[in-house]
Every structure is written in structure tokens, then in C-alpha cells.
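Shown next, in C-alpha cells, is the structure this report addresses.
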Amino acid sequence: MSCFTYSGSPPRWRRPIFFTLVILTALFAVTLLASVYQKDGLSPLEIALLILYAILMAWISFSFWAAVIGFILQIRDSDRFAISNQVAPLPLDGEARVALVMPVYNEDPRRVFAGLESICLDLLRNDAQSHFDLFILSDTRDPELWIEEELRWQKLNRTLQGKIQIFYRNRKENSARKVGNIKDYIHRWGGAYRYTLILDADSVMRGDTLLKMLRIMEANPKLALLQVPPAPVGKESLFARILQFASSVYGPIFTAGLNYWQMAEGNYWGHNAIFRTRAFSETCGLPRLPGEEPFGGEIFSHDFIEAAMLRRAGWQVWLAYDMTGSYEELPPTLIDYAKRDRRWCQGNLQHTKLFFAKGWHPINRLHLGMGIMSYLASPLWMLFLVLTGVDAYLRSQQQQVYFFGHYTLFPTWPETYSVEMGTVLVVTLVMLFLPKILAITLLLTRPEQLKEYGGALRATLSVLLETVISVLLAPVLMLFQSKFVVAILLRSNINWATQQRDDHQTGLLDAMAAHAGHTLLGLTAAWVSYYYVNNFFWWLIPVLLGMVLSIPLSMVLSNLNLGKLLHKYRFCLIPEESNPPYVLQQLHRLMQQKDPLHLAEQSRFSQVLIDPPIHALHLSMLPSGSNSKRQQHHLSGLIYQLLEEGEESLTIKEKRALLSDRDALRKLHLTTWSLPALDGDFGRVVV
Amino acid sequence: MDQTVVHTTAPTIAARMRVQDYLCACGLPQPIIDEWLPELEQESSDLATMLAAAQQRLNGWLSSTLEIADADQQGLLIAHAALPYWQGDGGHLSADARAAIAHCCFLATPQEHPLAMPIQKIILCTPGVQITNLFTNICHDCLPLGRRVLNWLRRV
């Protein structure tokens, strides 16, 4: 095993090489376009186009060079500066304890606990359980889901027979969302754990990966946070399968390229990452930003800022780009993907306020800028397309004059710029598509790995399919993101609803509601460009096609049968499907088998009131505390309401209030057992 | 809340059956239920009182069987919650069950070990604030259509 001694500053040549390549490429492309424009002198419109093109080219040349360098690193199959090279020897210090922390908010409890059980089983299989405790940090507001979480927590404990400590708590108030949830954990139990590993509700991680992360942390005392890139898995819709495949094939070269220049100034992606609890607690207490949401208030995309704060305090943050065994799930449909994008967009645009804050390392500032740019790029591309159309229209209106002056026999032929324009187009296309070619080339050089992708032919055809779909989707996502950016700039805040993670298909009405505007815009743009700038229309077809077809495209991509068909014929296959690791096998088994928790037909709320063991379980999990007189009166009123008007008359908040109070629950429990028909009498009791 | 008295005093037989159902739902072994019921009936014929007495008796039984201190309400609740799953043969809890609860493996949260997380200072610099304000003000305040577009976006 090769080891390196990292002194805290990256190799001097890496960043200059990378950023010089990026800048030179962008300059080259812009110079090409400028050479076309400047022959007649630059008009204001052309200057605007050049500026836009320069920004966009810098943006895509950034990911282009990350992919190229990542490809070189991957094909050499060695990187002296990969953090994963440095691991502590076994056995580890007994004090090196990790809290696996999963914050949840109104998620599907069955999926959450199946994921956790899979992780625990893999930890047991790797004999690593002694270093890990598990915390389910519930911010769930829905009383039904809350009680189900408690029941599943109890079931999981019974299944594992206490071999791994699994803890659960539901927060009374979900202030500051996920940030507040984790902060509450640190405040209460953080001191007991040297490390904390954050999982998302759909995260799954292999036991050996968790152990290796711990060993890396132990070996690097300056390392505060280690991020392992999560691979998307487990979804069956056509949309998700294509994205899973793209991420699996293209992801490794991009992350390797990313690590090439970011080194110890890495980023935090919010989950599937381990941090040194004390370092995090001392440096990452996030303040509220001045002003109102969406730009002020709580910091939404806290992860980038936390990474920057750790670096500001002198800690290292690394991306273990070459580690596997870290998984997450993708939104199953295009519409769900856009909804997630809406939240991320708001979080990233909020960083405009933080971009110039004092004390950030320049690389962290760059991370913030990249996050902002990943959403601003869409309206900029849109603006670029519109202005290009206007420019083409103005050019088409110019009359060609062949003879200047009087009585001349020699015409002045119009200059053609087709070679320059062709080069600009080729350069742009190469930068967009070469990374895909590099990724599949890399795969083709690894026969063993290739088999897991269904073989050379299927993998290549899958890349082609993915390319076609991504070309069609690009303008739709551009419109979605442009709309989000405008909405946020107009200070429209969003409702932080739970993600719909399970597989489902998009119906016609939903597709129309989401994409009718895109279709209309596509048809209008097609009509305008066809009649007014005919030449431009033909160039615009790839963009227009995605917009015009967005409704059927969205529906087809959400189709589960098509996704399963692809799976059956081994297209868009990923190694996690052809050769699933133990942890994913367990997850699949747990989700496919009959639910071992026999949930009663009655509501969970009723179960807490009636079923004595569930009542006791819930009471045992409530924090102690007393209510004010006023709150007690309020709860009395709710008890009367329940008895007189039934369960349906209570709002979610009111049910939560009753479920959060021990005395009220005890009284209701006994009262309910005194009723002739138990909860069947709710709403019929005359008090 | 004391006035939440429901007028459902059942006849004795019905009350006895209800208490039997209750103890059964608690997961208490049947021989113990059979032993307790006549005693509970003797104490009261009122359903609510019988239920309260049954609960008390159950708690007492759990604390003596599992050696849980009377003051340890949390421990009692945990034992109560797990009772249906820990039934041994012959109406007694198995040794395993007792061992399991002794180790408190079903404790929802561990002992607290606090760690402070002080709020950090982030000094915002004017360029960021100015750029953000510029964008938002142009879009929101200055454009005549700003608010209309915003409303439309909210609707869509």
C-alpha cells in the first residue's frame, strides 16, 4: 500500500495546471467566436453574446478538464494523493466510536428501517459493530409516521438483539430543519462519539466502507470531514435507471478530476460523510443570515458552508473519490427531480450572500461559486440562445451589396464564416460530449468491470441512449432551472415538503401541469424561428425537440415497465445490479419480503391510545417535561374534541400535541378502555 | 382534565371481560390474568377503577419480576412495551427476557454526553450583499411586472 505524507498544502503544480487549462480553453473558444464577430466590428448584441459565451465556456471547460484529468488518473490507476491510501491499522482504538446518524423527516419508515437494518447486518458481517452506534434523529411531524417509526425501531432492536445499539428520538420542534436536528444530537450526545457519520434517509453504506472511513479518520488527525461519493442505486423507472447508469459510468472520472484540484479543501455533500464530532461542533455552529428567506434566514445548503467553516478553522476536508460502497437513491421521475432541484437551487443561490464572506479559503469560495453557477448556467444558456436567435434574425435582414461605387465590374463577395462557426460548434460539442467518450473508453479497457455493465456492446449502446435522452432533457431542465432562478430572485420561498422517493409513474395530468409551458414555449420558438430565421430553426431543432416533446418524454421516462425491460435485457446496467453487494442484497430482501411488522388497520394514533404495549412504548420514548397550565387546558380541550367529534376532527398538529404529552395520553388510554367500543366510540361520546 | 369522566360504567361482567382483554392486550400470561381477575373484582366493580388497579398491579409485578426500581418509570414502560415479546413458558418471563431488559437494550436514547456547538461568526462582505440586493431588487422591486410574474410562478 502506498502512503503519502500530506503536509496540508496541495502539490504546487496541480492547481496551476488545471486552472490554466480551463482558462486557455475558454479563451480559445471565445477567441474563435470573436474572430467571427469582429470582422464587421462588434455590435452591443455581439459583445453581450461574447460575454455570455465566455462565462458558459469557462463553466463547461471546468467540467471538461476535470473529466480529462480524472480519466488520466483512472487509466493510470494510481494517485499518490488519494486520501484512501492512508488508513490506520487494525485493531482500532476502542475509543474510536462512531455515531451513524440518520436525520429523517416524514419519510417512509419501512424503507428507512430496511436501509438501517441492511447497514447493521453488514457491520455485523464485518465484525465492526463495536465501533458503531446508530441514531435515528426523527423530525417527522406526521403522527402516523412517527408512531410507525417507533414500532419499527422496536422491531429492529428485537431483530438485532442488541448487538448494535440503535437509538431513536423524535424532536418536539423541528426548528432549523436538518441543521437543527444534527445540532440537537451534538448538544445531547455528541460528546460520546469521536466521529459522526451522516446518512440520508435513503442512504445505504457497506460495512467495510464504514470501517475504512473510520480507519482513514484515525490515521489523519488533521482530517475533519471525509466525503465518500454516493452512487445512485435501487430505482427502476427509465429515468432513474438512465441517471444511475450515467452516474456510475461518468461519475468516477469527474470525482477523480474534482479531487485533483480540490485536495484538502474538499466539499461536504450533506450525507454519506464522516466528521470529527468535536471539530464540527467547535466550528460549524451556523448563524442565521440577516434578512428573510430565500436569501436570508436559515442556511439551507448548510453542507458547503460547514466544509468552508472547517477549512477556515484549519481542518482538512477530503473527498475519498476512489472509495465505493456508498449508495443513495435518485428521484424516480423527471418532475420529482425538478422538485429536488428547486430546493437545491434555493440553497445554492442563497450562497451568493455568503460568497464574499470573510475568511473562506479560495477553493471553498470556488465551491460556492460552482454551486451558484450550476443553477445560473441555465438562464444564461437560455439568454444565449435567445440572443443568438436575435443576432441570426438581424443578420438575415441585412441586404447583401455586391457592387460598391459606380460602374465597377468587380463585385464584393460576402464573407463566409462557416469554417469559424463550424469550429466554434465543434469545440463546444467536444467539450460537452468528450467526457462521455472518455468514460466509456475507460470502461472498455477494463473487461472485468465491463461485464458488470452488460458487456461492451450493451454498455456502448446504453451510453448512446443516455446521450440522446440527456440531449432531450437538457432544454427541459434548462427551463425548469431558469424558472426556479427567476422565482428565487423574485423572493418566492418554497415549501419544504418531503421528497417522493418511491417508484411511481407520471400521469398525463401531472405531466401537462409541469410541462405544458415548456411545450408551448418550444412550439412558439419553433414557429418564430422557422418563419423569421429559417436557417437558425434547423440549428435549434435539438433544443426545440426536447421542449416540444417534454410531456410524453416525462411520462415515458417515469415508466417502470420500460425501466424493467431495460434491466431485463441488461441495458443501462450498473455493477450494483449485476453483482450486488451484501448490503444491497439485504435491502432488496427486506423490501421485497412481507412486512414483518404487522400494522393494524386502525390508525397509529388510535393504536397508541388503545394498544397497551404500543402506548407504553410511546410513553417510554417521550422526553420528560411538564406543560404550562395554559397548555394543559388546551390538551383537555383536545381530549374532549376527540371524544365528541372523533379522530378526524383533529389536525396533525393537534394529534401531535396529544401524542407529545404523557399525562394526556395516560388519561386517554384509560378513558378509551372504559368506552364500550374502544376507539369505535370516538366522536360519539357525550361528555 | 379530571372532569373527563365518561359515563360508561359497565356491568360487572362486562367490566371483568374488559379488564381481562386489557391485561391480555398487555401481553400478560394467561395464568397470571386468571389469578388477578377475582382479586381485581373484589377491589372494585367500576371499570375505570378496575383498569387503573390492573395497571398498578401490572407495574408492581413487572418491577418485582424484572427487579426494576419502583421509581424507574422509564424502565417500567420499556418492560411494559416489550412484554408481549418476552413471554416465557408457564406464565413467567424467561431468563433471557430478564437479561435483555437488565441490559436496557431497548432504551430509546443513551445517557446524555453534551457537546457545545457555539454559533460561529460569518462576516458578510458588502460585494455579496450588494450583488444579491441588486439582483433581487431589480427583479422584485424595479420591474413593473415583477410581482405579477412572481404570482404567476407561485400559481404554476
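The values are calculated or read from the model by the stated rules, or taken from the named source; none is laboratory data. None of the values given here were measured: they were computed from a predicted structure. When we count neighbours, we look across all protein chains shown, and the Cβ atoms used for this are built from the backbone with ideal geometry, even at glycine.
Considering only region A:642-651, state which residues are closer than 15 Å to A:SER606 by Cβ and in a helix (DSSP H, G or I). Working first, answer last.
Within region A:642-651, the first condition is being closer than 15 Å to A:SER606 by Cβ, and the residues that meet it are A:642-643, A:645-650.
Residues satisfying the conditions are A:LEU642, A:LEU643, A:GLU645, A:GLU647, A:GLU648, A:SER649.
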field: Enumeration of residues in region A:328-353 that are crowded, with 24+ Cβ neighbours inside 10 Å and farther than 18 Å from A:SER378 by Cβ
entry: A:PRO332, A:THR333
- prompt: Across region A:113-170, which residue is nearest to A:PRO581 (Cα to Cα) among those that are surrounded by fewer than 21 Cβ atoms within 10 Å (Cβ to Cβ) and touching a Cys at 6+ places or on another chain (Cβ under 6 Å)?
  reply: A:LEU160
query: Within region A:408-418, can one find any residue that is modelled with pLDDT under 85, in the same structural domain as A:ALA67 (by TED's automatic domain parsing) and touching a Lys or Arg at 6+ places or on another chain (Cβ under 7 Å)?
result: yes
task: Among what's in region A:597-611 and is surrounded by fewer than 23 Cβ atoms within 10 Å (Cβ to Cβ) and in contact (Cβ under 8 Å) with a residue 40 or more places away in the chain, pick the residue that is nearest to B:GLN56 (Cα to Cα).
output: A:ILE610
- prompt: All but one of (1) in contact with a Phe, Trp or Tyr (Cβ under 6 Å, 6 or more places away or on another chain); (2) closer than 26 Å to B:GLN20 by Cα hold for A:ILE610; which doesn't?
  reply: (1)
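Check every one of the strands (runs of 3 or more DSSP E) wholly within region A:135-253 and list those with 1 or more residues that are away from every other protein chain (no Cβ under 11 Å), closer than 30 Å to A:CYS572 by Cα and not charged (D, E, K, R). Can you show your working first?
Details: elements: A:166-170, A:195-198, A:223-227.
The strands (runs of 3 or more DSSP E) meeting that bar are A:195-198, A:223-227.
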task: With respect to A:ALA231, determine if the residue is farther than 26 Å from A:LEU145 by Cβ and outside the structural domain of A:GLN585 (by TED's automatic domain parsing).
output: no
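B:GLN74: modelled with pLDDT of 80 or more, part of a helix (DSSP H, G or I) and either more than 21 Å from A:HIS618 (Cβ to Cβ) or within 9 Å of chain A (Cβ to nearest Cβ) (or both), yes or no? Walk me through it before giving the result.
Values: modelled with pLDDT of 80 or more: yes; part of a helix (DSSP H, G or I): yes; either more than 21 Å from A:HIS618 (Cβ to Cβ) or within 9 Å of chain A (Cβ to nearest Cβ) (or both): yes.
Criteria met by B:GLN74.
Filtering region A:653-684 down to residues that are at pLDDT 85 or above and not in a helix (DSSP H, G or I), which residue is nearest to B:LEU47 (Cα to Cα)? It would help to see each step written out before you state the result.
Step one: list which residues in region A:653-684 are at pLDDT 85 or above, which gives A:653-674.
When the remaining residues are screened for being not in a helix (DSSP H, G or I), the result is A:660-661.
On the way: A:SER660: 26, A:ASP661: 24 Å.
Checking each candidate, the answer is A:ASP661.
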- request: Assess whether A:LEU210 counts as being touching a Gly at 6+ places or on another chain (Cβ under 9 Å) and either among the hydrophobic types (A, V, I, L, M, F, W, C) or without any contact (Cβ under 8 Å) to a residue 12 or more places away in the chain (or both).
  value: yes
field: Failed item, numbered, when A:VAL104 is tested on (1) among the aliphatic types (A, V, I, L, M); (2) at pLDDT below 90; (3) within 30 Å of A:PHE167 (Cβ to Cβ)
entry: (2)
query: Can you find even one residue in region B:125-138 that is surrounded by fewer than 17 Cβ atoms within 10 Å (Cβ to Cβ), at pLDDT 85 or above, at the interface with another protein chain (Cβ under 7 Å from one of its Cβ atoms) and in a loop (DSSP other than H, G, I, E, B)?
result: no
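Is it true that A:LYS594 is more than 30 Å from A:GLU448 (Cα to Cα), under 33 Å from the mean Cα position of the chain (by Cα) and without any contact (Cβ under 8 Å) to a residue 60 or more places away in the chain?
Working: more than 30 Å from A:GLU448 (Cα to Cα): yes; under 33 Å from the mean Cα position of the chain (by Cα): yes; without any contact (Cβ under 8 Å) to a residue 60 or more places away in the chain: yes.
Yes.
Output yes when any residue across region B:54-65 is facing another protein chain (nearest Cβ under 7 Å) and within 18 Å of A:VAL608 (Cα to Cα), and no when none is.
Just the residues of region B:54-65 that are facing another protein chain (nearest Cβ under 7 Å), to begin with: none.
No: zero hits.
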field: Only one of A:ASP208, A:ASP202 that is more than 21 Å from A:CYS284 (Cβ to Cβ) and surrounded by fewer than 22 Cβ atoms within 10 Å (Cβ to Cβ)
entry: A:ASP208
- request: Taking the options A:LEU584, A:LEU573, A:LEU566, A:LEU599, name whichever one is under 28 Å from A:ALA338 (Cα atoms) and either in contact with a strand residue (DSSP E or B) (Cβ under 6 Å, 6 or more places away or on another chain) or assigned to a loop (DSSP other than H, G, I, E, B) (or both).
  value: A:LEU573
- prompt: Given the conditions (1) of a type outside the set (Gly, Ala, Ser); (2) touching a residue at least 60 places away in the same chain (Cβ under 8 Å); (3) buried (at least 22 other Cβ atoms within 10 Å of the Cβ), which single one is not true for A:PHE254?
  reply: (3)
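For region A:621-630, check the following and say yes or no: at least one residue is assigned to a helix (DSSP H, G or I) and at pLDDT 90 or above.
Here is the first cut: in region A:621-630, the ones assigned to a helix (DSSP H, G or I) are A:621, A:629-630.
Now restrict to residues that are at pLDDT 90 or above: A:621.
Scanning region A:621-630 turns up at least one residue that is assigned to a helix (DSSP H, G or I) and at pLDDT 90 or above.
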task: Could you tell me which residue of region A:623-655 is surrounded by the fewest Cβ atoms within 10 Å (Cβ to Cβ), considering only residues that are at the interface with chain B (Cβ under 9 Å from one of its Cβ atoms) and within 27 Å of B:HIS80 (Cβ to Cβ)?
output: A:SER624
